[in-house]
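Undergrad: First the structure, which I've put down as structure tokens, then a few questions once you've had a look.
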Amino acid sequence: MAEKTYRRLPLRELLTDAEKRTRDLAEEVGAHWTARAADLRELSRPVRRRSHYPTLLALLNAMQRMFEVQEETEEMADYLLRELDEIREHARRERLSRQG
């Protein structure tokens with residue numbers, strides 16, 4: 001879909017793609033983001049299961065993975081929001097064309 005502009009896509013294709021991207025975003029948050037947050041929380045808890053003293057490198061790596069997943073999630077959400085804005089505009093144009 002990267003080759004096509006939003007305005008050239010029919011509303012049905014926009015809705016289908018937005019639905020797919022919504023599922024992908026939900027999966028990203030549910031699976032990846034939550035897992036990375038749990039890993040980071042595990043390292044930063046006062047009582048740890050693995051080691052009482054995690055290395056600074058382990059903590060930094062967990063933070064880096066969390067930042068990476070956050071950036072990916074943010075990009076996915078931004079793209080979805082732009083697509084939803086185009087769907088709203090498409091519907092608005094359709095409503096105006098039917099009125100006039």
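Undergrad: Just wondering, is there one or more residues in region 70-93 that are over 24 Å from GLU19 (Cα atoms) and not aromatic (Phe, Trp, Tyr)? Full working, then the answer.
TA: Of the residues in region 70-93, the ones over 24 Å from GLU19 (Cα atoms) are none.
Checked region 70-93: no residue is over 24 Å from GLU19 (Cα atoms) and not aromatic (Phe, Trp, Tyr).
Undergrad: Residues being exposed (fewer than 14 other Cβ atoms within 10 Å of the Cβ) and in contact (Cβ under 8 Å) with a residue 40 or more places away in the chain: count how many of those fall in region 86-98.
TA: Residues of region 86-98 exposed (fewer than 14 other Cβ atoms within 10 Å of the Cβ): 88-89, 91-98.
Of the ones still in play, those that are also in contact (Cβ under 8 Å) with a residue 40 or more places away in the chain are 91, 94.
Number of matching residues: 2.
Undergrad: Here's something else I'd like to know. Working only within region 64-85, note down all residues that are among the aliphatic types (A, V, I, L, M) and either open to solvent by 70 Å² or more (accessible area, probe 1.4 Å) or out of contact with any helix residue (DSSP H, G or I) (no Cβ under 9 Å at 6 or more places or on another chain) (or both).
TA: Taking region 64-85 first, the residues among the aliphatic types (A, V, I, L, M) are 66, 69, 76-77, 80-81, 84.
Selection gives LEU81, LEU84.
The values are calculated or read from the model by the stated rules, or taken from the named source; none is laboratory data. Values in this document were obtained by computation on a predicted structure and should not be read as measured data. Glycine gets a Cβ as well: all are built from the backbone with ideal geometry, and neighbour counts include every protein chain shown. Please note that ligands, DNA and RNA were not included when accessible areas were found on the heavy atoms of the full protein model with its side chains. Shrake-Rupley method; radii C 1.70, N 1.55, O 1.52, S 1.80 Å.
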